[in-house]
Amino acid sequence: MYNNYPNPFNPVTKIRFDLPRSSSVRILLYDITGKVVMNLVDEGLQAGSYETIFDASSLSSGLYFYRIETADFSNTKRLMLIK
């Protein structure tokens, strides 16, 4: 998983990730308190490169975290929404 671009952003950013093999993928967005705010991706995907566009126009400014989870990998990164 790559860092989102742009970061900080207003109100749209891109999240890119690569899958070395087919897997079920889940990307969740968390607020600073650890509460799940949004489910960005939740599906089975083939091996390859992917990009999801995240529109945060319904959220307030602040620091958020996004976490990717597959069967054998997980990673968390942060993003900053500035309105």
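Throughout, read-outs are computed from the coordinates displayed, never taken from laboratory work. Computed from a predicted structure; not experimentally measured. In this analysis, Cβ positions are derived from the backbone assuming ideal geometry, glycine residues included, and neighbour counts consider all displayed protein chains.
Contour minus end-to-end for K35 and L63, with contour as 0.36 nm per residue of separation and end-to-end as the Cα-Cα distance?
Working: separation 28, 0.36 × 28 = 10.08 nm, distance 1.23 nm.
Net length gain for the segment: 8.8 nm.
State the extension gain, in nm to one decimal, for the chain segment bounded by S49 and R21, taking 0.36 nm per residue of separation less the distance between their alpha-carbons. It would help to have the intermediate numbers written out before the result.
Values: separation 28, 0.36 × 28 = 10.08 nm, distance 1.05 nm.
Result for the pair: 9.0 nm of gain on full extension.
Just checking my list [x] 22, 13, 10; [y] 18, 14, 13; [z] 18, 18, 9 against semi-axes √(5λ) of the Cα gyration tensor in Å computed from this structure; which label fits?
[x]
Can you list the trypsin sites (Lys or Arg not before Pro) in region 1-40 that are in a DSSP coil and have 15 or fewer other beta carbons within 10 angstrom?
Answer in residue order: R21, K35.
Select from the chain those chymotrypsin sites (Phe, Trp or Tyr not before Pro) which occupy a DSSP coil region and have at most 14 other Cβ atoms within 10 Å, ordered by residue number. Before the final figure, lay out the partial values.
Numbers: sites: Y2, F9, F17, Y30, Y50, F54, Y64, F65, Y66, F73; in loops: Y2, F73.
Those that pass, being in a loop and sparsely packed, are Y2, F73.
So what are the ³J(HN,Hα) numbers for region 54-68, from phi and the Karplus equation (6.51, -1.76, 1.60; θ = phi - 60°), rounded to whole Hz, Gly and Pro as x?
Using θ = phi - 60°, the values come out as 10, 9, 9, 5, 8, 9, 8, 4, x, 8, 10, 10, 10, 10, 9 Hz.
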